Protein chains: 2
Amino acid sequence: MTDAPARTVDAFHRGRFHLVQPCGRGHRAGMDAMLLASMVDGSGRLRVADLGAGAGAAGLAVASRLGEAEVSLFEMSPDMADYARQTLGLSQNAELAGRVSVYEADVTLKGAARNAAGLVDGRFDHVIMNPPFNEAADRRTPDALKGVAHAMPEGLFENWIRTAGAILRPGGQMSLIARPQSIGAIIAACGNRFGGLEITPVHARQGEDAFRVLASAVKGSRARLSLRASSSCTGRKATRSCRMSMTSTMAAHLIRAMPPEDPQFFELRSCLYLSCAYMRRNVLPR
Amino acid sequence: MTDAPARTVDAFHRGRFHLVQPCGRGHRAGMDAMLLASMVDGSGRLRVADLGAGAGAAGLAVASRLGEAEVSLFEMSPDMADYARQTLGLSQNAELAGRVSVYEADVTLKGAARNAAGLVDGRFDHVIMNPPFNEAADRRTPDALKGVAHAMPEGLFENWIRTAGAILRPGGQMSLIARPQSIGAIIAACGNRFGGLEITPVHARQGEDAFRVLASAVKGSRARLSLRASSSCTGRKATRSCRMSMTSTMAAHLIRAMPPEDPQFFELRSCLYLSCAYMRRNVLPR
């Protein structure tokens, strides 16, 4: 017997990176993190901040796909930040680890305290976030660690998006994944900070209500909101907000069907081909 | 030569009702009005208010499909209200005319003035609206009559949705059609007045951004927002917010293909089969 918490090591992106995660408790990364990571594009030494990074799934997916990106993971929970540090210590992640940093920080800090925590004004090219989903009114989870990751305090989007607006360079992009009922709070929080908001519904199955939205916006832009196509895969390279605009079921089928050497599908495969048990159980068709 | 403004008489719903409209100026009804009308369902003497009714296309489409519905058209422009009255005077509309009333009224009135204008508190089961689309920042149209119909003053959704909330019975439904960039204003205006907001993106072609959203909400409901499937036609009878959840291109193809005797498609055909020149030019495939 040991006091160390139970953990698993899961392979993502066909083994291009691995993730240390709590087992049987806490938030475990899956489709949401990979969808979020798919929103980041660019070349060179792109500075990416992952707010509320958990064990680091989304940030590491970005670092794995974009070979020069420098990723900062911000996580308030000491437990989850520790999983992220264990993740970076894995020998399988040696090639990425030099480009990824972990900051134990509350992303809702303001002013000097926020800067001191590593959330430096104007520093980042891209900010990604997968904020806690469940509203306070939801049933309480008996799992305290999962509770912190899943609870959605009042003003959450205002606080998180305020920080994203502060730490992005002008013209930098924020991307997030959320539940559809948060659209109003997201639009309100973008306010005058962001423009060009693009919202992409994500449907688990064709004909069903969206279970998530992907949203991206550009700091200082004055462009209007647009609502992207949700469930088509045209084969074209999609524009910035959605490299992944199909249902997860469709995607899973495509992934199984696509030839590994097809460059057109590299992005898709890179974003979605997940070998961890969670994905096998919940996303990939049997 | 005559001083009477040019007008056309257009057949809708395969001739089940006709509409008198300005020709070459003013707002002409088409797909938007029919999509909006498709949101209304129910039986018996359903009381329906059409805010900003123009010549009455959406309201008449509802009266034509729901044989006992009583429809009140509210229109501020004397010119457009006159077209609506001419519409009701057509011999082709004789069967409907007894169930449709025209009120020349500003839907943004408040309190006693609003009630005096026919916008009576708690009176209606369903309120539909197709508010002016173009924001003040848009290019000015040289056509003054069209300008009034298309201009979107500050606070428009707040003012229109406030009136909808006042004149609906508790549990009554509001439905509207708008541009995607208005989602934030719509959600904010629903506030505590409405719940169960359902947003359905409408795409002209698969894979393109939505060009319209359909939204419905229930007075006094506390249900959360949902984002409906946008571009599938499952063949099932859809739930309240969207009898029409496919792209217009898909719909046009379906309409051409469907057997007239198929009851499953009655709603769809009823909502979309438009014989007016506008629809032939803009929606139906050549």
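Every read-out reported here was derived from the displayed coordinates using simple, explicitly stated rules and does not represent laboratory data. Just so we're clear, the structure is a prediction, and the values are computed from it rather than from any experiment. Using ideal geometry, Cβ is built from the backbone for each residue, glycine included, and neighbour counts are taken over all protein chains shown.
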* **Backbone HN-Hα couplings from phi across segment A:64-80 [Karplus 6.51/-1.76/1.60, Hz, Gly and Pro as x]** => 6, 7, 9, x, 10, 5, 10, 10, 10, 9, 10, 9, 7, 6, x, 4, 5
* Asked: Near the amide H of residue A:226, under 5 Å away, which other amide H atoms are found, from residues 5 or more places off or on another chain, if H is placed in the peptide plane?
  -> A:197, A:198, A:199
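Please report A:83, B:103 as a ranked list, fewest other C-beta atoms within 10 angstrom at the top and most at the bottom.
B:103, A:83
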* Asked: Based on the Cβ-Cβ distance from residue B:120 to residue A:85, what FRET efficiency comes out when R0 is 51 Å, to the nearest 0.05?
  -> 0.20
* To do: Report, for residue A:110, each distance to the same residue's label point in the other copies, shortest first and in nm; define the point 7 Å along Cα→Cβ.
  => 3.1
* To do: Quick one: with label points 7 Å out along Cα→Cβ, list the inter-copy distances for residue A:67 in nm, shortest first?
  => 7.1
* **Lys, Arg +1 and Asp, Glu -1 on Cβ, resulting dipole of segment B:28-224 about Cα centre, debye, nearest 20** => 440 debye
* Using a 10 Å cut-off on Cβ atoms, rank the peptides A:184-195, B:53-64 from the highest mean neighbour count down. => B:53-64, A:184-195
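How much length, in nm to one decimal, is gained on full extension between residue A:192 and residue A:6, taken as 0.36 nm per residue of separation minus their Cα-Cα distance?
Numbers: separation 186, 0.36 × 186 = 66.96 nm, distance 4.45 nm.
That pair, residue A:192 and residue A:6, stretches by 62.5 nm at full extension.
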* Structure fact -> Ranked on Cβ counts within 10 Å of their own Cβ, fewest leading, A:10, A:79 go A:79, A:10
* Using a label point 7 angstrom from Cα along Cα-to-C-beta, what distances in nm, from shortest up, separate residue B:78 from the other copies? -> 7.6
